[in-house]
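Heads up: the structure comes next, in structure tokens.
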Amino acid sequence: MTITIITCTYNAQPVLQRTLDSVARQTYPNVEHLIIDGCSADGTLAMAEAYRQQQATAHSRHTVKIFSEKDNGLYDAMNKGLLKATGEYLVFLNAGDMLPTPHTLQQVADAYEEWRAGGREPGVLYGDTDIVDNEQRFIEHRRLAPPDNLTWRSFSKGMLVCHQAFYAQTAIARTVPYNLHYRYSADVDWCIRVMRESERLNRPLCRVHHVVVNYLAGGMSIKNHRASLAERFNVMRHHYGLATTLLMHAVFLFLPKKLR
């Protein structure tokens with residue numbers, strides 16, 4: 001299978017190179033890397049183009065495609081990526097986030113092949129996440145760890161799988177684009193809807209027993225913490241009902257802020 005990695009950028013020059021390098025070093029050959037840029041004014045596009053030329057010169061089987069045009073924010077850019085992806089599975093890897101080892105995509109592909117050999121086509125492949133700082137130093141394992149038996153109902157307890165550790169079957173992902181009414185939590189809503197559609201199609205959600213992303217601390221939802229919490233409440237109420245949402249948030253609010 002081909003895996004499409006979608007990296008959305010806007011003036012991302014300070015953190016983009018580490019992301020590009022982590023994709024370039026992957027041993028798995030069948031990779032499509034889409035860079036969806038929002039008309040950056042810094043050196044982002046020059047960096048992306050140098051990366052594209054490097055892959056072409058090396059005769060890599062990794063395909064790099066760059067698109068740059070104005071958008072209506074991150075989730076609008078992600079929707080553009082959904083439409084342009086040609087791989088069987090896709091994952092969003094933000095500028096600054098990294099694939100942990102050269103074998104990460106191979107580990108995802110191996111999990112896919114194992115499930116395929118058993119006669120089932122995964123709707124989602126998902127793995128673990130480590131949090132790193134701006135110097136790429138390990139901070140901690142992500143507190144919310146993915147369960148072995150994930151369902152769309154699992155997210156009533158929080159976003160148990162990091163967005164960047166969530167490999168969705170492209171044919172499913174395209175049918176449930178990001179809801180642009182959400183500014184900070186559309187990724188939570190999108191993952192839930194992808195899982196619901198996978199269940200409807202009888203496609204399993206398959207655990208990859210490896211750390212599949214190093215997530216850069218301090219993302220958009222962290223920087224807009226209060227607004228993100230309000231949106232997350234609305235997402236959960238929509239999918240799980242008011243009673244369940246109130247109960248889970250009552251527990252959530254008593255946690256220290258760093259654990260939320």
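For this structure, a couple of remarks:
- Selection from region 168-211 of residues that are β-branched (Val, Ile, Thr) and touching a helix residue (DSSP H, G or I) at 6+ places or on another chain (Cβ under 7 Å): ILE172, THR175, VAL176, VAL188, ILE192, VAL194, VAL208
- The set of residues in region 165-211 being open to solvent by 10 Å² or more (accessible area, probe 1.4 Å) and part of a helix (DSSP H, G or I) consists of ALA171, ASP187, VAL188, ARG193, ARG196, GLU197, GLU199, ARG200.
- Pair list, Cβ under 9 Å, 6 or more apart: region 111-130 residue among the polar types (S, T, N, Q), other residue part of a helix (DSSP H, G or I): THR129/GLN164; THR129/ALA165
- Residue in region 215-238 that is of a type in the set (Phe, Trp, Tyr), assigned to a helix (DSSP H, G or I), open to solvent by less than 40 Å² (accessible area, probe 1.4 Å) and at pLDDT 80 or above present: no
- As a summary of the residue check, ASP128 satisfies the conditions (1) within 18 Å of VAL212 (Cβ to Cβ); (2) of a type in the set (D, E, K, R); (3) part of a helix (DSSP H, G or I) except for the one numbered (3).
- Restricting region 131-156 to residues that are among the polar types (S, T, N, Q) and in a loop (DSSP other than H, G, I, E, B), the residue that is least open to solvent (accessible area, probe 1.4 Å): THR151
- The residues listed here are ASP42, ASP21; of these, the one that is assigned to a loop (DSSP other than H, G, I, E, B), at pLDDT 95 or above, among the charged types (D, E, K, R) and open to solvent by 10 Å² or more (accessible area, probe 1.4 Å) is ASP42.
- Selection count, region 63-92, where residues are part of a helix (DSSP H, G or I) and β-branched (Val, Ile, Thr): 0
- Enumeration of residues in region 1-18 that are outside any loop (DSSP other than H, G, I, E, B) and either over 30 Å from ARG116 (Cβ atoms) or hydrophobic (A, V, I, L, M, F, W, C) (or both): ILE3, ILE5, ILE6, CYS8, THR9, GLN13, PRO14, VAL15, LEU16, GLN17, ARG18
- Residue within region 104-112 that is within 30 Å of ALA227 (Cα to Cα) and either modelled with pLDDT under 95 or open to solvent by less than 40 Å² (accessible area, probe 1.4 Å) (or both) present: no
- Count of region 147-181 residues which are at pLDDT 95 or above and either small (Gly, Ala, Ser) or touching a Phe, Trp or Tyr at 6+ places or on another chain (Cβ under 7 Å) (or both): 17
- The number of residues in region 80-110 being among the acidic types (Asp, Glu) and either within 19 Å of LEU160 (Cβ to Cβ) or in contact (Cβ under 8 Å) with a residue 60 or more places away in the chain (or both) comes to 2.
The values are calculated or read from the model by the stated rules, or taken from the named source; none is laboratory data. As the structure is a prediction and not an experimental result, all values here were calculated from the model. So basically every Cβ, Gly included, is an ideal-geometry build from the backbone, and we count neighbours across all protein chains shown. Just the protein is used for accessible areas: all its heavy atoms, side chains included, with ligands, DNA and RNA removed. Shrake-Rupley method; radii C 1.70, N 1.55, O 1.52, S 1.80 Å.
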